[in-house]
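Below you'll find the structure, written out as structure tokens, and then a few comments.
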Amino acid sequence: DVRLQFSPGEGWAASARNPKSKAKSTRPGGKARKDSEHGTVSLKLGDAARGETLKFYLFVGSMRQGPFECNFAEQVVHELQLKVDWRKHLEAGSLPLCLQLVQE
């Protein structure tokens, strides 16, 4: 069981394409997170990977990021910062996300 949760980031929140962009900020205190300009992907694995460390690449469209190394014994959910503007990788209105495990 693999769960990915995508958050679009501040670049999208401030853009004209966001229907809520007129609001100053959705964060308490009106401050945007500077480390999430391009968004994040949160990764949670089911019982099969509990207690393991996994190394993998994350693909946003055709752009590869990583490798990432996450220890699921230390925490259940890991948040990965996107380094690319995901809006440039939309395909027919969808954002393809893919994980590729690295064998060691």
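If you go through segment 66-104 one residue at a time, how many are among the hydrophobic types (A, V, I, L, M, F, W, C), part of a loop (DSSP other than H, G, I, E, B) and open to solvent by 50 Å² or more (accessible area, probe 1.4 Å)? So the answer is 4. Scan segment 63-104 for residues that are acidic (Asp, Glu) and free of Cβ contacts under 8 Å to residues at least 24 places away in the same chain and report the count. Here the count works out to 2. Listed by first and then second residue, the pairs with beta-carbon distance under 8 Å, at least 6 apart or on different chains, first residue in segment 33-49 and over 14 Å from residue 5 (Cα atoms) and hydrophobic (A, V, I, L, M, F, W, C), second open to solvent by 10 Å² or more (accessible area, probe 1.4 Å) and at pLDDT 75 or above, are 48/1; 49/72.
Within segment 13-50, the set of residues being at pLDDT 75 or above and either touching a Phe, Trp or Tyr at 6+ places or on another chain (Cβ under 9 Å) or within 19 Å of residue 96 (Cβ to Cβ) (or both) comprises 38, 39, 40, 41, 42, 43, 44, 45. Of everything in segment 52-65 that's polar (S, T, N, Q) and more than 12 Å from the chain's Cα centre (by Cα), which residue is surrounded by the fewest Cβ atoms within 10 Å (Cβ to Cβ)? My answer is 62. For residue 55, the criteria (1) at pLDDT 90 or above; (2) touching a Lys or Arg at 6+ places or on another chain (Cβ under 6 Å) hold in every case but one, which is (2).
The values are calculated or read from the model by the stated rules, or taken from the named source; none is laboratory data. The structure presented is a predicted model; accordingly, all values stated were derived computationally and were not measured. Counting neighbours? That spans all protein chains shown, and the Cβs are built from the backbone with ideal geometry, glycine included. We work out accessible area using only protein heavy atoms, side chains counted, and drop any ligands, DNA or RNA first. Shrake-Rupley method; radii C 1.70, N 1.55, O 1.52, S 1.80 Å.
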